[in-house]
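Throughout, read-outs are computed from the coordinates displayed, never taken from laboratory work. Remember, predicted model here, so these are calculated numbers, not experimental data. Using ideal geometry, Cβ is built from the backbone for each residue, glycine included, and neighbour counts are taken over all protein chains shown.
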Amino acid sequence: MPHVLVAGGSGFIGQALVSTLLARGDFVTVLTRGPAGLRNGQHHQHWQPDEPSSAALSEVYDAIVNLSGEQAVGVRYTEKVKRGILKSRVESTEWLVHAIERAQHKPKVFVCASGTGYYGSTLDSKRVDESAPAGSDFLALVCVAWEAAARRAEGSGVRVVRARIAPVLSERGGAVESLLRPFKMFVGGPIGSGKQGFPWVHLDDLIAALIACIDDPQLSGPVNVCGPEPISNADLSVVIGELLGRPRFLKAPSFALKALFGEGAEPLLGGQYAVPHALEKIGFAFRYPTARDALRAVIQAS
């Protein structure tokens, strides 16, 4: 029975991953700042991610998954917020890498979350796969530092997967509420120019992709975890408007978002046309291959 350690297991992605791993018969331990032990049917290991000197694995794990990190999109970027976003990702990763380095029995794979924000904003329609260079905005620099911390585990002979996760579509949470709310209030429409790419992934496909990252030795290095058909923000507005039967012509102007979020408007006004080349190369089959498919399923389940 494989034993998987999950950091960030209490988030909505983490909860879905843990449930799926348990359902297929894996033994799962969730890292927690609380006491170790068995709670709500789950095993927990205590950790202090801001204290790398305390890093240690309490058991032998076949795989480690890191999904930790503070919310980075839809918030105003003060210097304090930016430090928290960076620190929460890099420190948690460093703790896990320290623990791997010290472990007598190493895991076979370390899957560390990152984001499609790695590529920065690509306002043209050029598609970017895992070979594309990093961007230069704040979130891109966060992803670069996050991934650099994860790559250190390769020195321990561990297969490292850097899962660059797109905005997640699900009735349970993620990007959907902020996407649908304006349309439900009859004030929906494109953000900024509307030309920016919107990479996306349905939660079901995200979890299946993370499982593939754990199981498939062909996957290593950067892996774009996103739907195979990125969409422009303007076209996304058309799809949402049609599915909800709402108008979709009221634009959210760039200056208003900048006034509200400051530098934090960058992820909203920018975007990427990211594509999942690494997943497609191994024959990964998406349950929801288009944004319309994914959003229709989410809206029907809501």
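Which order do 22, 169 fall in if you start with the one that has the fewest other Cβ atoms within 10 Å?
In increasing order of surrounding Cβ atoms, one gets 22, 169.
Using r as the Cβ-Cβ distance of residue 108 and residue 71, and R0 as 30 Å, what FRET efficiency do you calculate, to the nearest 0.05?
The formula returns an efficiency of 0.45 here.
Quote the FRET efficiency, to the nearest 0.05, computed for residue 195 versus residue 50 with a Förster distance R0 of 41 Å and r equal to the Cβ-Cβ distance.
0.55
Taking H as built 1.01 Å from N, whose amide H comes closer than 5 Å to the amide H of residue 160, not counting residues under 5 places away?
Here 110, 221 satisfy the definition.
What size of dipole, in debye to the nearest 20, comes out for the stretch 1-96 about its Cα centre when the only charges are +1 on Lys and Arg C-beta atoms and -1 on Asp and Glu C-beta atoms?
Value, rounded to 20: 400 debye.
Where the centre of each part is set by its Cα atoms, how far does the stretch 48-96 sit from the stretch 201-225, in angstrom?
Rounded to whole Å, the Cα centres lie 20 Å apart.
Could you work out how much longer the chain between residue 242 and residue 281 gets when fully extended? Use 0.36 nm per residue separation minus the Cα distance between them, nm to one decimal.
Here the segment from residue 242 to residue 281 would lengthen by 10.7 nm.
Mind checking the dipole of the stretch 50-143: about its Cα centre, +1 per Lys or Arg Cβ, -1 per Asp or Glu Cβ, Debye to the nearest 20?
200 debye
With charges set only on the Cβ (+1 for Lys and Arg, -1 for Asp and Glu), what does the dipole of the stretch 202-246 come to about its Cα centre, in debye to the nearest 20?
Here the size comes out at about 180 debye.
Between residue 290 and residue 101, 0.36 nm times their residue separation minus their Cα-Cα distance comes to what?
Details: separation 189, 0.36 × 189 = 68.04 nm, distance 4.05 nm.
Gain on extension, residue 290 to residue 101, equals 64.0 nm.
Determine the alpha carbon to alpha carbon distance for each of 106/281; 87/281; 80/106 and list only those over 31 Å.
Check vs 31 Å cut-off fails for 87/281; 80/106.
Given q = 0.19, 0.20 Å⁻¹, what are the Debye log10 I(q)/I(0) values for the stretch 1-143, with equal point scatterers placed on the Cα positions and solvent ignored?
The computed values of log10 I(q)/I(0) come out as -1.16, -1.23.
Quick one: which residues, 5+ away or cross-chain, put their amide H under 5 Å from the amide H of residue 31? H built at 1.01 Å from N.
Here the answer is 6, 7, 8, 9, 45, since their amide H atoms fall under 5 Å of that of residue 31.
Please give the contour-minus-distance gain from residue 300 to residue 136: 0.36 nm per residue of separation, less the Cα-Cα distance, rounded to one decimal in nm.
Stretched fully, the residue 300-residue 136 segment lengthens by 55.2 nm.
Report the equivalent ellipsoid semi-axes for the stretch 196-245 in whole Å, largest first, defined as the square roots of five times the eigenvalues of the gyration tensor built from alpha carbon atoms. Before the final figure, lay out the partial values.
On the way: eigenvalues 164, 31, 6 Å².
Value: 29, 12, 5 Å, ordered largest first.
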